[in-house]
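The values are calculated or read from the model by the stated rules, or taken from the named source; none is laboratory data. It should be emphasised that the depicted structure is a prediction, and the values quoted were computed from it without experimental measurement. Here the Cβ positions follow ideal geometry from the backbone for every residue, glycine too, while neighbour counts run over all protein chains shown. These area figures cover heavy atoms from the full protein model, side chains too; ligands, DNA and RNA do not enter into them. Shrake-Rupley method; radii C 1.70, N 1.55, O 1.52, S 1.80 Å.
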Amino acid sequence: DICILTRKRDNSSPVEIARALSQAGIPVSGGQGGNACDFPEVKQMLDILSYIDNGEQDIPMASAMLSPVGGFSEDELSEIKICYREDKTLTFRACCEKFAEEFKENLGAAGGIARKLQEFYKNVDEYRKLAQLSGAGTLIDEILSRGGLEAKYCRDGAKKLKNVRRLAEAAYTPSGELNLSEFLNKIKSGGYKLAVAEGGGEGSVTMMTMHSSKGLEFPVVIIADVSCSFRGQGGRALLFDEKYGFAHNMFDLTTRVTAP
């Protein structure tokens, strides 16, 4: 029921907090555990991102189509490919393009698949436009929300959502949020290794970063290092009131003066 939120995973604060709680006999979920990229939900998200970044890829496209973003079944993908089985030179993505165009007016099952393809292309185009304006973390959040993945992972258990949130967290660096291509290159160059928090058993205190906690709920939340800046610079005075809680200083845009 208790969650401790930290600003970043790769500094000393989470380690010190975990050590102090462990010494007090309190189990903690937050140590370095397995690899997030080994989980199916993270692999699927990486395929979706890869297809958004580069549409000339068959396997990521098929994976994105089978996800809630596309909503296709394996039988529907097979029907698309079988329709053009005589032409061995056609890639799967080329088959999809031909199918969407040739059967768009069809009133049967093939027409339904064609219209679903057109909707899929439209959604992916919107994600590509967003990728040009926003970073990879923001894009993942949008896919989770709009693509139906967030609701699905919440139904399947909070762990899946937490794993994907861990992937999104990797897009944020001290110098800013990585764009999609930079983010995918970072994951690839790191050997598709992304550490996730290890469970501490029943009754343990959960420790995670603020970004990883998005979409999750806890009755009690403790915010660590709240008076320190994100980039690790020195701490600063932070207003606190028993009734109203924490407050940052006010910045007057006209006079450009900071005040309580």
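Summary of computed values
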{"read-out": "Selection from Phe92, Val69, Phe218 lying farthest towards where the dipole of the chain points positive, charges on Cβ", "value": "Phe218"}
{"read-out": "Computed [θ] at 222 nm, helices only, for the chain once each DSSP H run of length n ≥ 4 contributes -39500 (n - 2.57)", "value": "-14500 deg cm²/dmol"}
{"read-out": "Residue-level accessible surface for Leu253, protein heavy atoms, 1.4 Å, Å²", "value": "130 Å²"}
{"read-out": "Region 42-59 residues near the modelled Lys81 label - backbone nitrogen below 13 Å, point 7 Å along Cα→Cβ", "value": "58-59"}
{"read-out": "Extended-chain gain in nm, criterion 0.36 nm per residue less alpha-carbon gap, Gln118 and Glu142", "value": "6.6 nm"}
{"read-out": "FRET E, pair Glu105, Cys154, Förster distance 35 Å, beta-carbon r, rounded to 0.05", "value": "0.35"}
{"read-out": "Sequence of Glu79, Glu169 when ordered by accessible area, the most exposed leading, probe 1.4 angstrom", "value": "Glu79, Glu169"}
{"read-out": "Translational D in µm²/s for the chain (Stokes-Einstein at 37 °C, 0.692 mPa s, Kirkwood Rh from C-alpha pairs)", "value": "156 µm²/s"}
{"read-out": "Simple Cβ-charge dipole of the chain, Lys/Arg +1 and Asp/Glu -1, about Cα centre, in debye nearest 20", "value": "600 debye"}
{"read-out": "Per-peptide average of other Cβ atoms within 10 Å, ordering 72-78, 90-96 highest first", "value": "90-96, 72-78"}
{"read-out": "Mean accessible surface per residue for the chain, computed with a 1.4 Å probe while every protein chain stays in place, in Å²", "value": "56 Å²"}
{"read-out": "Subset of Lys162/Lys193; Lys81/Lys122; Lys160/Lys214; Lys159/Lys214 violating a 19 Å alpha-carbon distance limit", "value": "Lys81/Lys122"}
{"read-out": "Distance between modelled label sites at Asp241 and Val221, nm, 7 Å Cα→Cβ extension", "value": "2.0 nm"}
{"read-out": "Inter-probe distance in nm under a simple model that places probes 7 Å from Cα toward Cβ, at Ala94 and Lys43", "value": "2.8 nm"}
